1. Can you tell me how the range 145-231 classifies by the Cα gyration tensor, rounded, prolate or oblate, using a/c under 1.5 as the rounded cut?
2. Based on Cα positions only, what radius of gyration and what Dmax would you give for the range 2-136, in angstroms?
3. What longest region of the chain stays clear of GluC sites (Glu not before Pro) that DSSP places outside H, G, I, E and B and that have at most 13 other Cβ atoms within 10 Å?
4. Against the longest alpha carbon principal axis of the chain, how many degrees, from 0 to 90 and to the nearest 10, is the axis of helix 122-136 turned?
5. Assuming 0.36 nm per residue, please report the length gained on full extension of the stretch I108 to R42 beyond their Cα-Cα distance.
6. As a check on your grasp of the helix formula, calculate [θ] at 222 nm for the chain: sum -39500 (n - 2.57) over DSSP H runs of n ≥ 4, divide by the residue count, round to the nearest 500.
7. Based on the Cβ-Cβ distance of M195 and L70, what FRET efficiency does E = 1/(1 + (r/R0)^6) give at R0 = 30 Å, to the nearest 0.05?
8. Using a 10 Å Cβ count of at most 14 others and DSSP loop calls, identify the longest part of the chain lacking such trypsin sites (Lys or Arg not before Pro).
Amino acid sequence: MKLIDRYILKSFIQNFLFGLLCFLVIFILVDLFENLDKFLDRKLNGNLLLIYYLYFTPEILKLITPVGMLLASLFTISRFITYSELTAMKSSGISIYRYLLPIFAFGIIITLFSIYFNGWIVPVTNSKKIDMERTYLGKDEIKYQIQNLYIQDKSNKIIGLQAYDRFTKSSNNVSIQIFNKDTISRLDFRFDAKMMQWDSVKNDWKLTDLYSRQFLPEGREKINYTKSVYVQ
């Protein structure tokens, strides 16, 4: 079974990586042609373009990885069916689910890695990409609202804003996640507020209808509600 597991996993990973590469190239080419006039107007050289798309790549991978996993599964299984490999496996008397176990295991690994990748790496590279857009492409901050904004305030703290208005300095549906400093994958606290508003008098943020959840080590959860609170 180990030999078959390696064979199935190898076929799946090859299809997965090939799919990611194809989608990545298509995504970059489409974006390049859409913004080519801006790049030419700003006279960006090849090195800056390379750095720009290196910073853009993690965001693209975040979007195409689920599609790549799905297509890799379809291509791998259809290939086994086409060449009667799946029939041969079934005739050996072992459940088909056992043969697909390597794909399931690889999918779980990719899912766990995506949690870290999307939560810690993508926000950093997106921030650098936006800085390049403002510096070299003359893109100012979004004029009215920033939708689905995620900020990594500290190494263990992520702030999510559904719709941030830069003029009123307010946002609705705010979430704050604080992870354990020693075990970064463990969530210690989560705060969800209906509204966040900047108070220029107190120089603090006012959170309204705040639900705080503390995740205790023994698996229990502590929930509190506060009508309004000020935070820095």
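1. prolate
2. So, for the range 2-136, Rg and Dmax equal 19.6, 65 Å respectively.
3. Maximal segment without exposed cleavage sites: 1-140.
4. The angle comes out near 60 degrees.
5. Extending this stretch completely gives an extra 19.4 nm.
6. -17000 deg cm²/dmol
7. The value I calculate is 0.20.
8. Formally, the longest exposed-site-free interval is 44-138.
Taken together, the values in this text are just the output of simple stated rules run on the coordinates, not laboratory data. Because the structure is a prediction, the values reported are computed rather than measured. Every residue, glycine as well, gets a Cβ built from its backbone with ideal geometry; the counts of neighbours run over all protein chains shown.
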